[in-house]
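The values are calculated or read from the model by the stated rules, or taken from the named source; none is laboratory data. Please read all numbers here as calculations on a predicted model, not as lab measurements. Positions of Cβ are generated from backbone atoms using ideal geometry, with glycine treated the same way; all protein chains shown enter the neighbour counts. SASA here: full protein model, heavy atoms, side chains in, ligands and nucleic acids out. Shrake-Rupley method; radii C 1.70, N 1.55, O 1.52, S 1.80 Å.
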Amino acid sequence: MERNKDQNPGADNTYCRESFIFYRSFYEAIRPLPRDVQAEVYTAIMEYALYGTPPQDPKPITASVFALVKPLIDRNTARFLNGRKGGRTPAPRPEKAAPARASTTRAPRPKTAT
C-alpha cells in the first residue's frame, strides 16, 4: 500500500516514523504461522509502528499476536517521542561559595626508615 504524507495519519509529523525496532521475538512468534496470516500480522505491525494505525477487523490469530507486540511498540514509540524533545534537562547546580583559603605552606613530612 503506497502512502504519501498527505494521506498519513501522522502527516503533521506527530506520529509518522521512518523506522521502528523489530525484535527477534516478533519474528520467532510469527514464523510458524501460515503465510497468509504472517502477511496480515507483518502488515498490522508495520502500519501500527510507522503510522499509528491499529489493524481493522484482524483475524483472531493476528489480533492475538498484535496484542502481544503492541506494548513493546508503544514503549519504543514513547521513547522515540521523548527523545525528540531533547532529553532530560540537567538539574540545577547549587551555588557554592568559594571557601576562603589561607596561604599556608606545609612542612615536609619526615622520612621513616623502612
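Quick notes on this one:
- For region 35-79, residues that are over 18 Å from Ser25 (Cβ atoms), free of Cβ contacts under 8 Å to residues at least 12 places away in the same chain, among the acidic types (Asp, Glu) and in a helix (DSSP H, G or I) total 2.
- Residue ID - farthest from the chain's Cα centre (by Cα), chosen from residues in region 64-88 that are open to solvent by 100 Å² or more (accessible area, probe 1.4 Å) and at pLDDT 75 or above: Leu68
- Any chance Pro32 is more than 24 Å from Ser19 (Cβ to Cβ), open to solvent by 100 Å² or more (accessible area, probe 1.4 Å) and modelled with pLDDT under 95: no
- Residue ID - modelled with the highest pLDDT, chosen from residues in region 89-114 that are β-branched (Val, Ile, Thr) and over 30 Å from Gly52 (Cα atoms): Thr112
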